[in-house]
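Take a look at the structure set out below.
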Amino acid sequence: MNEKLKTREFHIYGLVQGVGFRPFVAFLAKKHALGGWVRNAGGIVTVRVTGEEGALVSFAQDVQKQAPAGSRITKLTQSELPIEKFGGFRIEKSSMEEEGASVIPPDLPLCEDCKKELYDPADRRFKNPFISCVACGPRYSIMDALPYDRQRTAMDAFVMCGACALEYRAGGRRDFAQTISCNGCGPQLIFKDKETKLIKEAAFEKAVRVLKSGGVLAIKGIGGYHFACSPFNANAVRRLRELKQRDKKPFAVMFKSAKEIGKYCGVLPAEEELLRSAPRPIVLLPCSGEGLAPEVCAESRYLGAFLPYTPLQELLMDALGPLVMTSANSTDQPILKDDADVLAIRSGFLDGVLYNTRRINVRQDDPVMRVAAGKKQVIRRGRGMVPLPVLLPVCTEKTVFAAGSDMKAAFCLLAGDRAYMSQHLGDMENADAFDNYRENARHMQNLLSVRLETAACDLHPDYFSTRYAQSLGLPVIRVQHHHAHIASVCAEHGIMEDVIGVAFDGTGYGEDGAVWGGEFLVCREGGYERAAHLEYLPIAGGDRAAKDAKLCALSYGIAAKKDDPSGDGRMGVVRAAARSGAAQVSSSMGRLFDAVSALLGVKEVNSFEGECAIALENLAWRALEAGTDPYPLRFELREADGMIFAGQVKLAGEVMDAAREGADKSAVALGFHRAAARMVKEVCCLLREQTGIRIAALSGGVFANRLLLEDVIARLEKSGFDVYVNEQVPMNDGGTALGQAFIAAIKNGSKGK
Ligand code: ZN
Ligand code: ZN
Ligand code: FE
């Protein structure tokens, strides 16, 4: 026997099951000429191999470096064993029980091997729009129940042909590949319009012709349908806007390659990596809009660009080049997933539907991400991300259902140290969105076979999510909105230490019933103390003031004792409302951004959330790019009764004066951003003096403002803070469920791991 041979056992922890990990390990073992086996064992992957030292070392390195898309290794341990001889390398089948709750794979993008076959005329899946293998294809979106096998998925409807049935047991890339199909079996492509119904190649070719000639199509994807058209055809894009009833938000565009995206947008290496990452997210990239129909980007500085993730999209990109691919829904409605609903759309709007007979079980929009301050950020969770868990620094004894917030709704199921965040579920005020939320909550609970023991939700008494949590018949832990925002940052970064949390958003229900939203919280051991905030100000108009920034600005005008800044004569009414106590007291940073935007005449209405703030940010970027000096503005800090107040009224007054004096608006916009960033730094430094805490956590929808976020991070880091922001869940309300779950776990007595 060769004396240099050694036997070693590896334990691989993290997200390593249901993502093609075992075939990947087998492939590497063969590459390094190692004998042995790999198996799934209770949530981890165990590998035992015999070989020469050098081969064992490079094997371990490759496992970590080349791990398959969708997997995440959190720890790899190895131990030396007495020498054991193996005839070859094998994948050991695991029992049903072992494949249990922890194994729910997300939808995976087309892999490189399948892509090669897709373009190989000799392959029996040449140009097959549903090609997949153990490492790629739909998963979560087609699952009915666990364990994950064909009978419990939407693939159950299709009988395998003889060739596929053989391949299904042949030990290769399609060994037990539940989505296996070919040109002779499985789902087939269908094209339907007013006159015709075509299948297979004819369906594909017709769809290409319609899109080429400026048509608008609905195309079935993984988590739902897209509406698609050429981004170069202004007329088609305008028709698509009518169909979506969406005036101003930019559309996402799918491109064949990152190189092609580079022709229209600036793409940094970190952004390219994000584009190629497993969920194939829509990535927000700076874009002049040049070369595209102006209706695509509308007023945005950014284009949402993404790469194909299904074989059908790959083939479409090949035949057509870039396509607008936007979720098929009208504003605020859940994405359409059922063929009948799409086929029922009035034909005047749509020139055809390209679909197939494979059912979609779980609705999921495409995820939206960006890179800011050099870090990946999630704006919207969606397909390819769910239900990969976020690993928490605590292990909960009691399972938790956290209901999240009502805007950008998303829930979280916490079992052990795994927090399963849902996809983006829309605005709960929409009845269909709320139904979809409930359906998804039940579905994920069934799949994970989790028995719920605790519910967590917002303090807001009128949130639909709050009422839903209360309806579950469980003990309910209420978590203040901004506390949940900050806790979501701590949860995903594994921070158990005390932190200074900065939560800036539009609206969150405060402990005192006021509208909070410019908050500095000292967070300790599952609790928090409100240490500083934007000074209170009565804002008249209720929810209307959140839409109508001009109305909101009037309240600032009154508080700052200025003449009517709007000139539309509504000041008297607002003043009366403020006096009568009908106005709501607010410390919201979101409202301040709205007011400044309206006071400068930049944008006066939020037709979608954050529109005024985005316009103000865009103007500030223009000043920055033109080298214009920021207009000097500042927040004065005042301390009383152990609380620090940031003086937003005086600042708004200065903005009004500047506007009246005809100052350069872009300089004022930039000056306002700079003042806000400086204020954050100064308050954090004061709180550090009081508490000794050197960790800062930033969250809340206002930080979607990249200019503000990057400035704040730079200033805090320069002052010696360790700064953390959300990277796996959205910083907007779509991430609050994670924070609620984490707080509930701590309040239930869970200790750090
Ligand atoms: Zn594949
Ligand atoms: Zn087949
Ligand atoms: Fe919020």
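Evaluate the charge dipole of region 456-528 about its Cα centre and quote only its size in Debye, nearest 20, assuming +1 on the Cβ of each Lys and Arg and -1 on the Cβ of each Asp and Glu.
It works out to roughly 240 debye.
Suppose accessible area is computed on protein heavy atoms with a 1.4 Å probe; arrange 302, 420 from highest to lowest. Working shown, then result.
On the way: 302 40, 420 15 Å².
Listed by decreasing accessible area, they come as 302, 420.
Among 118, 342, 322, whose Cα projects farthest towards the positive end of the dipole of the chain, with charges put on the beta-carbon of Lys, Arg (+1) and Asp, Glu (-1)?
Farthest along the dipole direction, towards plus: 118.
Could you work out what % of the accessible surface of the chain is carbon and sulfur, using a 1.4 angstrom probe and leaving DNA, RNA and ligands out of the count?
50
If the label point is 7 Å along Cα→Cβ of residue 176, which residues in region 5-37 have backbone nitrogen under 20 Å from it?
Within reach of a label on residue 176: 10-30, 36-37.
Of 405, 294, 675, which is farthest along the charge dipole of the chain in the positive direction, counting Lys and Arg as +1 and Asp and Glu as -1 at C-beta?
294
Distance cut-off 24 Å, Cα to Cα: go down the list 31/85; 718/751; 200/256; 115/200; 263/337; 6/65 and report the pairs above it. Display every interim value, and only then the final one.
Details: 31/85 18 Å; 718/751 33 Å; 200/256 22 Å; 115/200 19 Å; 263/337 32 Å; 6/65 22 Å.
Over 24 Å Cα-Cα: 718/751; 263/337.
Which of 284, 157, 443 sits closest to the plus end of the dipole of the chain, meaning its Cα is farthest towards the positive end, when Lys and Arg get +1 and Asp and Glu get -1 on the C-beta?
Going by the charge dipole, the pick is 157.
Let's see if you can work this out: charge +1 on each Lys and Arg Cβ, -1 on each Asp and Glu Cβ, no other charges. What is the dipole magnitude of region 190-368 about its Cα centre, in debye to the nearest 20?
About 340 debye.
Peptides 452-458, 113-119: what's the order by average Cβ count within 10 Å, highest mean first? Walk me through the intermediate numbers first.
On the way: 452-458: 23.6, 113-119: 15.9.
In decreasing order of mean packing, 452-458, 113-119 become 452-458, 113-119.
Given the DSSP H assignment, sum -39500 (n - 2.57) over each helix run of at least 4 residues in the chain and divide by its residue total; what's the result at 222 nm in deg cm²/dmol, nearest 500?
-10000 deg cm²/dmol
Could you compute the FRET efficiency for residue 90 and residue 270, with r as their C-beta to C-beta distance and R0 at 30 Å, rounded to 0.05?
Once the sixth-power term is evaluated, E becomes 0.15.
Using a probe radius of 1.4 Å on heavy atoms only, what accessible surface per residue do you get for the chain? Whole Å² is fine.
On a per-residue basis, 39 Å².
Against the longest alpha carbon principal axis of the chain, how many degrees, from 0 to 90 and to the nearest 10, is the axis of helix 481-493 turned?
So the helix axis and the longest Cα principal axis differ by about 40 degrees.
How large is the accessible surface of residue 199 in square angstrom, using a 1.4 angstrom probe and rounding to the nearest 10?
Here the accessible area works out near 100 Å².
If you place +1 on the Cβ of every Lys and Arg, -1 on the Cβ of every Asp and Glu, and leave all else neutral, what size is the dipole of region 619-753 about its Cα centre, to the nearest 20 Debye?
Rounded to the nearest 20 debye, it is 420 debye.
So how do 299, 727, 636 rank on accessible area, 1.4 Å probe, biggest first, that is with the largest at the start? Walk me through the numbers before you get to the answer.
Details: 299 115, 727 50, 636 95 Å².
Order by accessible area, largest first: 299, 636, 727.
Could you order 217, 166 by accessible surface area, starting with the largest, using a probe radius of 1.4 Å?
I get 166, 217, largest accessible area first.
What is the extension gain from residue 124 to residue 338, computed as 0.36 nm multiplied by their sequence separation minus the C-alpha to C-alpha distance, in nm to one decimal?
Details: separation 214, 0.36 × 214 = 77.04 nm, distance 2.96 nm.
Length gained, residue 124 through residue 338: 74.1 nm.
The values are calculated or read from the model by the stated rules, or taken from the named source; none is laboratory data. Nothing here was measured: the structure is a model prediction, and the numbers come from that model. Glycine also receives a Cβ, built like all others from the backbone with ideal geometry; neighbour counts cover every protein chain displayed. When the accessible area is computed, the model is the full protein with side chains, heavy atoms only, and any ligands, DNA or RNA have been set aside. Shrake-Rupley method; radii C 1.70, N 1.55, O 1.52, S 1.80 Å.
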